[in-house]
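Derivation of every value follows stated rules applied to the coordinates shown; laboratory data play no part. The structure presented is a predicted model; accordingly, all values stated were derived computationally and were not measured. Don't worry about glycine lacking a Cβ; one is built from the backbone with ideal geometry, like all the others, and counts go over all protein chains shown.
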Amino acid sequence: MDKLKAISTGTVNAILKKIYKILVKIFPFLPKQIDVHFRELLKGSTVTLIIRLLGMVVTYFFTFLVTRNYGAVAMGIFSLSQTVLLIASIVAKLGLDSSSLRFVAEYSSQGKWGNVKEVYIKSLKLIIPTSIFVTCLFFFCAPVLSQYVFKKPYLSSYFKIMALSLLPFSILFLHSESLRGLKKIVEYAIFRNMSIPFAASLVMCIALFFPKDMSVPVIAHVIGTGVLCAISLIVWFRHAKILEYKAEKSLRYKNILDVSLPLMLSSSMLLIMHWTDTIMLGIFRSETDVGIYNVAIKIANFTAIPLFAINGISAPKFAEFYGKGDMRGLKKVVMQSTKLIFWSSFPILLVFLFFPSFSLGLFGKEFKTGFYALEFLTIGQFVNAISGSVGIILQMTGKQKAFQNIMLFATVLNITLNVVLIPRYGINGAAFASMIAMAFWNLSSVIYVKSYLKIVTLYIPFLTRKRIKK
């Protein structure tokens, strides 16, 4: 019986090997042999992608609950409150969630659990008082924000409620990125991509049995975030062996902040670039143009989902290899992730590039006027795809300040082009500005990675393939 089992297992493995050889010929990005790191990339990115898609479904369900039971006004109130929370959280976190990812990945791969505990405790000591300070600022400045920035005084009470979720929100992100550093991708993806809308939806379902109030969606978000913060603490303690080891004293707070603050500034620049086009279109053009452009952005950004999924597992692996000084291993994983990003994004890019009217038309005939805007945005995403995870590479290999400077220049370039182009060309000018800014920061990062790490991340099939093999 055992012999028959061994023979059947051997036959199956032989068949699978033949199938994989055929796939290698069809898809040039696949390595001739699957090593442990490529298997980890495939598994981690697939898990992240699935959970991210589930998170989108849950988010749509939460939106459905809000709009159907409380109306469009309540959804608008929640969206504005959440936007202000996201902006405030960038300052509150000080980039400590991203720096924790790098340090945890580096130390845990070397078995230095005392250093992992030290990074966590010091990050927590920084993030708690900062978050409390920003929460107080958010709370007491809510009337000013609502009246003078948004011209809607009634938003003040909702902003005050949302401010209460800032501390647990920041700690939740610290835990999720730290779990990512341990390569606990399932836990990271759940906490990061779907846990908050899921928990808020549960609270919303319970709230349906009580009198309706416009603040319910915001309250549901606050309660859900608080519960998840507690759960993430338990999960983090379980995986990080926090109670089993004594914290080291090898890092000063300055060492952590030297890494985290540039990461915070880079995140700020990305956020500014994301909102600049919409804000300036709102100033120079009609609400219709803003609506069409935002639909075009959402369609184009759909191509970035594989990038986010692959970055979920590639970031801690970059930090791991760099921490060990294994530059050969780092180069191999970088190229594997770059190929995966390109080939998983390319089919979607082709659809949006050659059938922009069809894609936009799904949202209504009036959206077809965003034809050229979607073309420009798709070209920008194409450059993003062929460049690979350059931003993550720089952040995980000690060059976060260089990436910060690149993003700062790209943001200034984007704002300048928007000011010049939007008054004359409208949404097409905004899309062109975004394309140029995205191409600039990606290609500049590619050049910097090449000069700093001697790794070519730019991947164009059949053109760069020979160089990679060498």
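Summary of values
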{"read-out": "Computed over the range 54-251: relative contact order in percent, which uses C-alpha pairs under 8 Å that are six or more apart", "value": "32"}
{"read-out": "Estimated distance in nm for a label pair at Leu233 and Ile121, the labels positioned 7 Å out from Cα along Cα-to-Cβ", "value": "1.7"}
{"read-out": "Cα centroid separation - the range 273-309 against the range 312-369, whole Å", "value": "19"}
{"read-out": "The range 54-251 - charge dipole about Cα centre, Lys and Arg +1 at Cβ, Asp and Glu -1, debye rounded to 20", "value": "180"}
{"read-out": "Overall dimensions of the range 247-309 as given by Cα atoms, namely Rg and Dmax in Å", "value": "18.4, 57"}
{"read-out": "Dipole magnitude of the chain about its Cα centre (Cβ charges: Lys, Arg +1; Asp, Glu -1), debye to nearest 20", "value": "1880"}
{"read-out": "Three-way shape call for the range 263-470 based on the alpha-carbon gyration tensor, with the a/c threshold at 1.5", "value": "prolate"}
{"read-out": "Descending principal axes extents, the range 57-213, alpha-carbon based, whole Å", "value": "53, 33, 22"}
{"read-out": "Packing-based exposure ordering (other Cβ within 10 Å, fewest first) of Lys298, Lys183", "value": "Lys298, Lys183"}
{"read-out": "Potential lengthening between Leu413 and Thr63 on full extension [0.36 nm per residue; Cα-Cα distance subtracted]", "value": "122.5 nm"}
{"read-out": "Helical segments meeting 24 Å axial Cα length and Kyte-Doolittle 0.0 threshold in the chain (DSSP H)", "value": "2-26, 36-93, 113-140, 216-240, 253-284, 305-324, 327-354, 371-387, 400-425, 427-453"}
{"read-out": "Potential extension, Leu350-Met214 segment - 0.36 nm per residue separation minus Cα distance", "value": "44.7 nm"}
{"read-out": "Distance violations [Cα-Cα > 20 Å] among Lys117/Lys254; Lys122/Lys249; Lys254/Lys450; Lys331/Lys450", "value": "Lys254/Lys450"}
{"read-out": "Likely footprinting exposure, Lys339, Lys324, fewest C-beta neighbours within 10 Å first", "value": "Lys324, Lys339"}
{"read-out": "Theoretical FRET efficiency, 1/(1+(r/R0)^6), r = Cβ-Cβ of Ile128 and Lys246, R0 30 Å, to 0.05", "value": "0.90"}
{"read-out": "Residues His274, His239 arranged by fewest to most Cβ contacts within 10 Å", "value": "His274, His239"}
{"read-out": "Furthest towards positive pole of dipole, Met269, Gly388, Gly291, structure part the range 263-470, Cβ charges", "value": "Gly388"}
{"read-out": "With eigenvalues of the C-alpha gyration tensor scaled by 5 and rooted, the range 191-293, Å", "value": "35, 29, 10"}
{"read-out": "Dimensions (Å) - the chain, Cα atoms, principal axes, largest first", "value": "73, 56, 51"}
